[in-house]
1. Given the conditions (1) within 28 Å of residue 116 (Cβ to Cβ); (2) touching a residue at least 12 places away in the same chain (Cβ under 8 Å), and given that residue 1 satisfies all but one, which numbered condition is not satisfied?
2. Which one of these is near the ligand (Cβ under 8 Å from one of its atoms) and either without any contact (Cβ under 8 Å) to a residue 12 or more places away in the chain or buried (at least 17 other Cβ atoms within 10 Å of the Cβ) (or both): 59, 88?
3. Take the residues in segment 129-153 that are touching a strand residue (DSSP E or B) at 6+ places or on another chain (Cβ under 7 Å) and not in a loop (DSSP other than H, G, I, E, B), then tell me which one is surrounded by the fewest Cβ atoms within 10 Å (Cβ to Cβ).
4. Give me a count of the residues in segment 7-49 that are within 12 Å of the ligand (Cβ to nearest atom) and either within 15 Å of the chain's Cα centre (by Cα) or surrounded by 14 or more Cβ atoms within 10 Å (Cβ to Cβ) (or both).
5. Given (1) more than 10 Å from the ligand (Cβ to nearest atom); (2) touching a residue at least 12 places away in the same chain (Cβ under 8 Å); (3) within 24 Å of residue 187 (Cβ to Cβ), identify the lone condition not met by residue 117.
6. Can you name every residue in segment 131-143 that is over 16 Å from residue 170 (Cβ atoms) and in contact with a Lys or Arg (Cβ under 9 Å, 6 or more places away or on another chain)?
7. From the set of residues in segment 118-159 that are hydroxyl-bearing (Ser, Thr, Tyr) and more than 18 Å from the chain's Cα centre (by Cα), which is farthest from residue 194 (Cα to Cα)?
8. Are any residues in segment 154-190 part of a helix (DSSP H, G or I) and free of Cβ contacts under 8 Å to residues at least 12 places away in the same chain, and if so, which ones?
Amino acid sequence: MNINDKIFAFLYDLVNQSVEPNLIDFRKMTAGYASGNVLEIGAGTGANFRFYKPDTQLTVLEKNEYMFPKIIDSAIRCEIDVTSVRGTSYNIPFADNSFDSIVTTLVLCTVDDLESTILEIKRVLKPGGAFYFYEHVKSKERIRGKFEDYINPMWRYLTNGCNLNRDLAEVISGSGFTKIYLQTHQLSVGLPITIPNIVGNAVL
Ligand SMILES: C[S@@+](CC[C@H](N)C(=O)[O-])C[C@H]1O[C@@H](n2cnc3c(N)ncnc32)[C@H](O)[C@@H]1O
C-alpha cells in the first residue's frame, strides 16, 4: 500500500474545490475539444468527465490505484462510458496509432519521466491526432522562478510528486509536433497569488 497515494486520492477533490471553478474554461479547452477515441492520462478523480462530448470513446490511464473508485463514481455521475486502465504515461499499454486525441490536465507536472511520456503520447496518437494539455508551469519572472526552484523539493513532498518548476511550454514546443496552439494564463488561487498556466493542443 502506498500511503501517499491513498491520502492524495482521499484529499484531492476537497483541496481542489475552491480553485475548481477557475479551471472550467481550461477543462472545456482540453477535454471539451477532444474527439473520437480519446485517451486521458492521469485522470485523477475524473474531474474532466463532464466536459467530454457525448459520443467520446474514453479510455483513462491512471497510476494511483486509489483513484479508481472515484473514476467509477464520476463516470456514473456523468453518464459516460469509461474504460479505466492502471498504468503509467511512460509505458502506455496501447499499440502505436491507437487514439484520435490525448488529454492531460495537471499531470505533466507530476510524471516521473517526462521525456518518455511525450514520446509515448506521440507513439499512441494517430497521425493527425491532437494532444490537448492544460498544465501549470515555471514562472518566467526570474526571482519567482528561483523561488519555485527553491521550494520545489518541499512542494513535491507535500503534493505527492508535483513539480512547480517545469517549463512545459518549452518541452511541448520542442517535441516535434507539426502544429502547436498554446496560450498562457495566470491562474488565480485566491489571496494575492497566481500560478502561470498553459493550455492548448499539439497536432502530430
Ligand atoms: C494533480 S492530479 C490531476 C488529476 C486530473 N487530471 C485533474 O485535472 O484534476 C495528477 C494525476 O495524475 C496521476 N499520475 C501522475 N503521474 C502519472 C503517470 N506517470 N502516469 C499516469 N498517471 C499519473 C496521479 O496519480 C494523479 O491522479
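1. Only one criterion in (1) within 28 Å of residue 116 (Cβ to Cβ); (2) touching a residue at least 12 places away in the same chain (Cβ under 8 Å) is unmet by residue 1, namely (2).
2. Numbers: 59 fails: near the ligand (Cβ under 8 Å from one of its atoms).
From the options 59, 88, the qualifying one is 88.
3. Here the residue is 136.
4. Residues in segment 7-49 being within 12 Å of the ligand (Cβ to nearest atom) and either within 15 Å of the chain's Cα centre (by Cα) or surrounded by 14 or more Cβ atoms within 10 Å (Cβ to Cβ) (or both): 23 in total.
5. (1)
6. 134
7. 157
8. Of everything in segment 154-190, those that are part of a helix (DSSP H, G or I) and free of Cβ contacts under 8 Å to residues at least 12 places away in the same chain turn out to be 154, 155, 156, 157, 158, 170, 173.
Laboratory data are not the source of any read-out in this text; all were calculated from the coordinates shown. Treat the numbers as computed from the prediction; the structure is a model and nothing was measured. Note: ideal-geometry Cβ built from the backbone for every residue, glycine included; neighbour counts use all protein chains shown.
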